[in-house]
Amino acid sequence: MEKLSLILWRERELLETLQYRLEVEQLVMASGRTSWLMRAAADVESVLEDIRLTEVMRAAIADEVAAEFGLEPNPSLSSLIEHAPEPWSELLAEHRAAFAATTTEISRLAEGNRMLISAGYLSAREALFNIGGSAATYTPDGTTSQEPARAALIDWSL
C-alpha cells in the first residue's frame with residue numbers, strides 16, 4: 001500500500017505541474033507574446049509524457065495491491081478504497097478527491113486554451129484572406145462562395 005500511496009502522490013504532483021503549465025500557456029497566448037508559445041507547449045507535452053509513464057507504474061502497483069485484496073487486475077481507486085484497511089482507505093479517498101478537483105481545473109484550462117488557439121487561428125486566417133484580396137464566405141443555403149478580389153492598400157512603413 002505504501003508504494004501505491006507514493007506513486008499517487010507523484011501523480012498528484014504531476015497533475016498540479018500540468019495545471020501550472022497549462023495556465024502559463026494560457027497567459028502566453030492571452031498576452032500575444034507568441035515567441036514563448038512553442039516553449040510553453042513543449043513544457044505541457046513534457047509533463048504529459050511524465051504522467052503517462054507514471055500512470056503505467058501506478059497501474060502495475062495497483063494490480064499488486066488488488067491481488068493482495070483478492071480483486072481483479074486493473075482495479076478502480078474506488079474499489080481499492082472499499083477494500084483497504086484504515087488509515088489507507090482514508091488516504092486513498094483523499095487522493096481521489098484531489099484528483100477530481102485537479103482534473104476539473106485542468107479540463108477548464110485546456111478548454112480555455114483551445115478557445116484561444118481557435119480564436120488566434122481564425123484571426124490569422126481572416127487577416128491573410130484580407131491581404132490576399134478575397135475571403136470565403138457562406139451563402140444563405142450554407143455553401144461557400146468567394147468574394148470577388150479587391151484592391152488592397154498596405155502601408156509598408158509600419
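Read the figures in this text as sums done on the coordinates, not as results from a lab. Model, not experiment: these values are computed from the prediction. Backbone-built Cβ (ideal geometry, glycine too); neighbour counts: all protein chains shown.
Derived scalar couplings between HN and Hα for segment 7-13 equal 5, 5, 4, 4, 4, 4, 4 Hz in order, rounded to whole Hz, by the Karplus curve 6.51 cos²θ - 1.76 cosθ + 1.60 (θ = phi - 60°), x for Gly and Pro.
Please go through segment 27-65 and write out the trypsin sites (Lys or Arg not before Pro) that DSSP classes as loop and that have at most 12 other C-beta atoms within 10 Å.
Numbers: sites: Arg33, Arg39, Arg52, Arg58; in loops: Arg33.
In loop regions of segment 27-65 (DSSP not H, G, I, E or B), the sparsely surrounded trypsin sites (Lys or Arg not before Pro) are Arg33.
Protection proxy ranking, highest mean first, for peptides 93-102, 21-30: 21-30, 93-102, where packing is the per-residue count of other beta-carbon atoms within 10 Å, averaged.
Along segment 80-89 the Karplus relation, 6.51 cos²θ - 1.76 cosθ + 1.60 evaluated at θ = phi - 60°, assigns HN-Hα couplings of 5, 4, 4, 9, 7, x, 6, x, 5, 4 Hz to successive residues, with x for each Gly and Pro. Judged by the mean number of other Cβ atoms found within 10 Å, the most tightly packed of the peptides 105-112, 7-14, 72-79 leads the ranking 7-14, 105-112, 72-79.
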